[in-house]
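Report on one structure; see the data block that follows.
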Amino acid sequence: MWSELLPVGRFDASGGYRRHAWTAADAECRAWFAEQAAARGLTYELDRNGNQWAWYGDPEGEGAVVTGSHLDSVPDGGAYDGPLGVVSAFAALDALRERGVVPTRPLAITNFVDEEGARFGVACVGSRLSAGVLTRDQAYDLRDAAGVRLPDAMEAAGQDPAAIGKDSERLSRVAAYVELHVEQGRFLSDTPHAVGVASAIWPHGRWRFDFHGEANHAGTTRLEDRRDPMLSYANTVLAARKKARLHGALATFGKVMVEPNGTNAIASLVRGWLDSRAADEATLTALVEEIAVAARERAERDGVRAEVVRESYTPVVDFDAPLRDRLAARLGPGTPVLPTGAGHDAGILSAVIPTAMLFVRNPTGVSHSPSEHADETDCLAGAAALADVLEDLTCQ
């Protein structure tokens, strides 16, 4: 399965992946998922938001146990973030069958669409819609960099956008969702354990900073006559780093757009996106407000107008304690329990159903990069651990 997925959406120039939602690469990944379901005789479904489901047992049954992750990527992302969880889910089901396990509860494998938010700017769109965290109207307002609306992209890919929305009836039949994911840090690399259990997800969000200046000629406009938004943006990037360090938190400007984007032109608009995360919501709120104040103060000095818009926000997620403890107990004494600063579908769904996560050791800690990696032996250990967990949860 892993070798089949590796070429899909790979960008040769970087070695990373560009599997963005509702694109050709995404469609190829989704076709692979459907083929894996068919090969195992599973009941395949698309829900109203385009999320894929493969059922072992009655899809209408109560108390279902669900596992899986996502197949889309960030721009030039790695091979493991998302796909490891989906591949491991199918592998875990195969292991259960080999063991002769007959679940007494329905078991489903999922691929949640547009988890990374790389195309439309909001993460976990599929799970947010299903949980009711993102409304239909909000989803309809989303556009990609080319101005394509999310519903139009869905329709072009063969998905009916008129159906999107909260999926309470389906989720009401789910007793637990367990997501396996490559660790996006180096906590496990300093332990003898290949697999750990998640305790919580730091609160995090995305904010758009718009700096409106005045386009002018780079070669003829005196420095004192300029209203250059690039100066305001650059100062804000540096301020964000300093303030994040003082708060013991994280702040990253990783995406920027410039208009008119000419080498010999002073920009009229610089738009940057801030990703910020902290151990608690009070710290995150204070940090972002300080960055916003710094942006506005510098913009005023530069004769520039600054606007700050929160595009998405996820509060702190404490995973379901009984489920978390049950997973840790099933994996054995000493199993590491660790928090993460990365968002996941499991975090979104935790608002409506019990969720938990397993992390597979990442020797370098690198993620969202072509260098992202997990050793094969650790991946196999992760699939085996997931099979153990699923056996425990489905055989009651």
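Observations on the structure shown:
- The residue among Pro339, Leu393, Val270 whose Cα reaches farthest toward the positive pole of the charge dipole of region 245-396, with charges on the beta-carbon of Lys, Arg, Asp and Glu, is Val270.
- Reported to the nearest whole Å, the Cα centre-to-centre distance from region 137-152 to region 82-121 is 28.
- For the chain, the dipole from Cβ point charges (+1 on Lys and Arg, -1 on Asp and Glu) about the Cα centre works out to 840 debye, to the nearest 20.
- When each of the peptides 112-120, 34-42 is scored by the mean number of other C-beta atoms lying within 10 Å of its residues, the order from highest to lowest reads 112-120, 34-42.
- Close amide H contacts of Met357 (hydrogens built in the peptide plane, cut-off under 5 Å, sequence separation of 5 or more or a different chain): Glu179, Ala198.
- Positive-end ranking of Val87, Pro103, Pro75 along the dipole of region 66-109, with charges on Cβ about the Cα centre, is headed by Pro103.
- The shape of region 36-107 comes out oblate: with a ≥ b ≥ c from the C-alpha gyration tensor, a/c is at least 1.5 while a/b does not beat b/c.
- DSSP bridge orientation in region 1-158 - percent antiparallel, rounded to nearest 5: 70
- Each helix, a run of at least 4 DSSP H residues, gives -39500 (n - 2.57); summed and divided by the residues of the chain, these come to -10500 deg cm²/dmol at 222 nm.
- Within a Gaussian network of the chain (alpha carbon springs, distance under 10 Å), most fluctuating of His212, His70, His20: His212
- Spatial offset of region 197-261 relative to region 346-396 amounts to 34 Å, using the alpha carbon center of each.
- Apportionment of accessible area to carbon and sulfur, region 31-123, percent (1.4 Å): 51
- Helix axis angle, 24-39 relative to the chain longest principal axis, alpha carbon, degrees: 10
- Counting Lys and Arg as +1 and Asp and Glu as -1 over every other residue whose Cβ lies under 14 Å from the Cβ of Ala118, the net charge comes to -4.
- In this structure, the amide hydrogen of Val337, modeled 1.01 Å from its nitrogen in the peptide plane, lies closer than 5 angstrom to those of Val197, counting only residues at least 5 positions away or on a different chain.
- Degrees between helix 376-394 axis and first principal axis of the chain (Cα, 0 to 90, nearest 10): 60
- Against the chain, whose longest principal axis is taken from its Cα atoms, helix 229-247 shows a tilt of about 50°.
- Amide H contacts under 5 Å for Phe319: Ala200, Ile201, restricted to partners 5 or more places along the chain or on a different chain, H placed in the peptide plane at 1.01 Å from N.
- Projecting the Cα atoms of Val178, Pro354, Thr283 onto the dipole axis of the chain, where Lys and Arg carry +1 and Asp and Glu carry -1 at the beta carbon, places Thr283 farthest toward the positive end.
- When each of the peptides 239-251, 264-276 is scored by the mean number of other C-beta atoms lying within 10 Å of its residues, the order from highest to lowest reads 264-276, 239-251.
- Neighbourhood charge, 11 Å Cβ-Cβ cut-off, centred on Leu188 and excluding it, Lys, Arg +1 and Asp, Glu -1: -1
- On region 246-289, 53 percent of the accessible area sits on carbon and sulfur atoms, based on a 1.4 Å probe.
The values are calculated or read from the model by the stated rules, or taken from the named source; none is laboratory data. All values reported here derive from a predicted model rather than from experimental measurement. Ideal geometry is used to build each Cβ from the backbone, glycine not excepted, and the neighbour counts take in all protein chains shown. Just the protein is used for accessible areas: all its heavy atoms, side chains included, with ligands, DNA and RNA removed. Shrake-Rupley method; radii C 1.70, N 1.55, O 1.52, S 1.80 Å.
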